[in-house]
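Readers should treat all values here as calculations from the given coordinates under stated rules, not as data from a laboratory. In this text the structure is predicted, and so the values were computed from the model without any measurement. Neighbour counts run over all protein chains shown; Cβ positions are idealised from the backbone, glycine included.
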Protein chains: 2
Amino acid sequence: MAEIVTVEDPEDPRLHDYTDLTDVELRRRREPAEGLFIAEGEKVIRRAGEAGYAMRSMLLSAKWVEPMRDVIDALTVPVYVVDPELAERVTGYHVHRGALASMRRKPLPAAADLLRGARRVVVMEAVNDHTNIGAIFRSAAALGMDAVLLSPDCADPLYRRSVKVSMGAVFSVPYARLERWPGSLAAVTEAGFDLLALTPDAGARSLDEAAPHRRDRVALMLGAEGDGLSRRALAAADEPVRIPMSHGVDSLNVGAAAAVAFYAVTAGRPRD
Amino acid sequence: MAEIVTVEDPEDPRLHDYTDLTDVELRRRREPAEGLFIAEGEKVIRRAGEAGYAMRSMLLSAKWVEPMRDVIDALTVPVYVVDPELAERVTGYHVHRGALASMRRKPLPAAADLLRGARRVVVMEAVNDHTNIGAIFRSAAALGMDAVLLSPDCADPLYRRSVKVSMGAVFSVPYARLERWPGSLAAVTEAGFDLLALTPDAGARSLDEAAPHRRDRVALMLGAEGDGLSRRALAAADEPVRIPMSHGVDSLNVGAAAAVAFYAVTAGRPRD
């Protein structure tokens, strides 16, 4: 059973994992370097544990001790109980979900290992908005994509905001980071995948016509909101595909576009 | 050509259309009662005009006069040029898009008239979040839905935030408000539509299997994020349908779910 420690000093060094959570630039550097990430709220904390992430510590307001009792009983790491005001002073914001956990990162799998067992893969280029990356993971998980590959400049899926927006889906869909861009994409096509590049370009074949759900192995590549895929990424793909558009609209938002494309490549396939 | 008026007094009664824009409750009552809505930013203002909405007036910072010159030249209503600080005092926020227009509402069409010419209809129940309603309109327009029907308690698609999130798609897809709920749904099925209710219920047929894109006339009914459709709405539908889910995820966000469902009912159909 975990040791429950009441902390009253905001400078207490044991709270170091939770300091300055609103400083995105700082946390973006610190968290990977220190091998941790922050899970926020009961649901997400439970999902991280179920997905096999080990906890470093937990920070709770007193009223969350009972709802989290079973989690606490199974822990051997410290649980810090603090006032909401102290939580705010340490983290920099009002922690209205009342519970934070510092989790240990796991080594990422190699892209080649993910590709071996997968049939439906998402490839993201330069998606560096934490909300978008979280939303895309949520849809990828829900709609049955098997794995995600990230270009070197994509944002961190384990950043607090990504984890929260994904509702913990970043724990369920395995992902890897590609080392060279777009060079590493060769491994995707060599593994037998049709690498389809999603583009708003009206000259591309529509997803209806490309019928990706009838293909054996499909990797679907997405770019960031606004810019879309780079020319180099498009050139590395087997084929550009587009979502057919009506009413003179030129694009969907990236979350909606990703969800539609995931459905188009998975529709009619068996689900787990 | 429009009269360009420099205004320096935030109390100037000619700016009344633009006061207290951040007071959602107030604006929600005032705008329909006064027959106006606010379009924000160059793109949305142009789209409102192209969709046949008449302008009451425009409020610009000086640097927007040149980019909007062609619009101004075609107007006969006043254009108020103000300092950014004054714009902020009047509206209650920093108008970073630099241009606002007060537009005249048009009478809404009758649901029966919309149903007559449509093949693909969205029905929304109690979607009262302005961001969600805007996102759903954007996807409905992009993916080729012909019309939208709103339950009496849905939010206003012409509220500033909805218009903005929709990128003006609320101007392109015609919509009507149903008077009785769920009584008015009878008109949908009587008009020959298969009324499909989108639900997370695992017992419903999946969209893959229901193959709505092969049906002649489909009305797709969506509920609000969280609550989903009411029991009464579900009972009025011909058939519940669900988006198949994987990885233990229980739902998509309402915007992603709507986009997937619109794609599923329109895929392979001719686009305009």
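Amide H to amide H, with H built 1.01 Å from N, residue B:177 comes under 5 Å of B:150, counting only residues 5 or more places away or on other chains. Placing a label point 7 Å from Cα along the Cα-to-Cβ axis, residue A:186 is separated from the same position in the other copies by 6.9 nm, shortest listed first.
Pairwise Cα separations in the protein assembly as shown fall into 20 Å bins from 0 onward with the following percentages, short to long: 20, 47, 32, 2.
Computed 3J(HN,Hα) for the range B:99-114, one whole-Hz value per residue from the Karplus formula 6.51 cos²θ - 1.76 cosθ + 1.60 where θ = phi - 60°, is 9, 10, 10, 8, 10, 8, 5, 10, x, 6, x, 7, 4, 4, 5, 5, glycine and proline marked x.
Here the 3J(HN,Hα) profile of the range B:220-229, calculated from phi with Karplus coefficients 6.51, -1.76 and 1.60 at θ = phi - 60°, is 10, 9, 10, x, 6, 4, x, 5, x, 6 Hz, Gly and Pro shown as x.
Restricting the calculation to Cα atoms, chain B yields a radius of gyration followed by a Dmax of 20.5, 62 Å.
Note that the range A:158-175 has calculated 3J(HN,Hα) couplings of 8, 5, 3, 5, 4, 4, 5, 5, 6, 6, x, 5, 5, 8, 9, 9, x, 9 Hz, one per residue in order, obtained from phi through the Karplus relation 6.51 cos²θ - 1.76 cosθ + 1.60 (θ = phi - 60°); glycine and proline are x. Placing a label point 7 Å from the Cα of residue A:3 along the Cα-to-Cβ direction, the distances to the matching points in the other copies come to 7.8 nm, shortest first. Amide H contacts under 5 Å for residue A:81: A:5, A:6, A:7, A:60, restricted to partners 5 or more places along the chain or on a different chain, H placed in the peptide plane at 1.01 Å from N. Of the beta bridges in chain A, as assigned by DSSP with both residues counted there, near 30 percent are antiparallel.
Starting from the eigenvalues of the Cα gyration tensor, five times each then square-rooted, give me the equivalent ellipsoid semi-axes of the range A:1-101, largest first, whole Å.
So the three semi-axes of the range A:1-101 are 19, 17, 12 Å.
When the chymotrypsin sites (Phe, Trp or Tyr not before Pro) in the range B:90-188 are filtered for DSSP coil states and for at most 15 other beta-carbon atoms within 10 Å of their beta-carbon, the remaining sites are B:93. What is the sum of charges, Lys and Arg at +1 and Asp and Glu at -1, for the other residues whose Cβ falls under 14 Å from the Cβ of residue A:20? It works out to a net charge of -1.
Residue order for B:199, B:22, B:131, A:266, fewest other beta carbons within 10 angstrom first, comes to B:22, B:131, B:199, A:266.
Label points for residue B:24 are taken 7 Å from Cα along Cα→Cβ. From this copy to the others they lie 2.2 nm apart, shortest first. Enclosing the Cα atoms of the range A:198-272 in their convex hull gives a volume equal to 107 cubic angstrom per residue. Mean projected area of the Cα convex hull of the range B:111-266, taken over all directions, amounts to 8.1 nm². Rounded to the nearest angstrom and listed largest first, the equivalent-ellipsoid semi-axes of the range A:91-139 from its Cα gyration tensor are 29, 16, 10.
The DSSP beta bridges internal to the protein assembly as shown are antiparallel in roughly 30% of cases.
If eta is 1.306 mPa s and T is 10 °C, what Stokes-Einstein diffusion coefficient results for the range B:70-202, Kirkwood Rh from Cα pairs, in µm²/s?
94
Loop-resident trypsin sites (Lys or Arg not before Pro) (DSSP state other than H, G, I, E or B) in the range A:200-233 with no more than 14 further Cβ atoms inside 10 Å of their Cβ: A:215. Looking at the range B:19-107, the DSSP beta bridges with both ends there are about 75 percent antiparallel. Near residue A:156, no amide H atom lies under 5 Å from its own; only residues 5 or more places off or on other chains count, and H is placed 1.01 Å from N.
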